[in-house]
Amino acid sequence: KIHSFLFVLVALGWGFHQLAHAEREDKNRPMNIEADALVHDDLKQVTVFTGHVLITKGSIVLKGDRIELREDPQGFQYGVITPEPGARAFYRQKREGLNEFMEGEAERIEYDGRLDRVTLSQRAVLRRYKGSMLNDEMSGQVITYDHLKETFRIDGKASPQVSKSSPSSN
C-alpha cells in the first residue's frame, strides 16, 4: 500500500485565491493536500492528485479519489473532484460571519475560482448546518452554489452533458 503524502502547495503557488468568499480568511490560509500520488504538468499548470485525496484550506475541506487542479493565466484556480466508483466526493466550507457550514456530496464536484462557484453533479446533495444542527438539505442531479451571491440552483433532471462540462466552459 502506498503511504499518503502531505503536500503543502504554497511553495508551488497553488492557493485557490478566490475559494474563500464564504469565509474570507480561508484565502490567506495555506492549502494542504494529502494523496497517495500526484502528477504535475508545469507547462499546463495542472496537478492531478489520486488516491484518498484530502484538501484543507482554512475552513474548506474537499475529499475524493481524484482531484485535478489547474490555474489559468490570470491566476484563477479550478478544481474537479471525483470519488471512487459508487461513492461521492465531499465539499465543506464555513459561511462568513455565521456559525453555519455548507456541505455537499456528489459524483463530481467542480470549483470555479473566477466565478467563486461550486457545482455538484450526479447524485448531488447540499446541506446547510447551523452549528452542528442540520438546517436544510437539498438534492438533485446538478446543484450550483454561488458564494458571491450566496444563492444556489438545483436541477433535478440535468442532461449528462451538464455534469461532464469543463469548469472553464461556464
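The figures follow:
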read-out: Two-site FRET efficiency, residue 127 against residue 52, from Cβ-Cβ distance with R₀ of 25 Å, rounded to 0.05; value: 0.65
read-out: Listed residue pairs exceeding 25 Å between alpha carbons, taken from 130/157; 94/149; 63/130; value: 130/157
read-out: Cβ-placed point charges (K, R +1; D, E -1), dipole of region 28-125 about Cα centre in debye, nearest 20; value: 240 debye
read-out: Spatial extent of region 71-136: Rg and Dmax, with the Cα atoms as the point set, Å; value: 13.3, 41
read-out: Estimated inter-spin distance, residue 96 and residue 43, nm [label 7 Å along Cα→Cβ]; value: 4.0 nm
read-out: Sparse-neighbour loop sites [GluC sites (Glu not before Pro); region 48-102; at most 14 other C-beta within 10 Å; DSSP]; value: none
read-out: Hydrodynamic radius (Kirkwood) for region 43-104, which is based on Cα pairs only, to one decimal in Å; value: 12.8 Å
read-out: Extension gain, residue 36 back to residue 139 (0.36 nm per residue minus Cα-Cα distance, nm); value: 34.0 nm
read-out: Solvent exposure, largest accessible area first (probe 1.4 Å, DNA, RNA and ligands not counted), of 132, 139; value: 132, 139
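The values are calculated or read from the model by the stated rules, or taken from the named source; none is laboratory data. Just so you know, these numbers come straight off a predicted model, no measurement behind them. Glycine also receives a Cβ, built like all others from the backbone with ideal geometry; neighbour counts cover every protein chain displayed. For accessibility, only protein heavy atoms count, side chains too; no ligands or nucleic acids. Shrake-Rupley method; radii C 1.70, N 1.55, O 1.52, S 1.80 Å.
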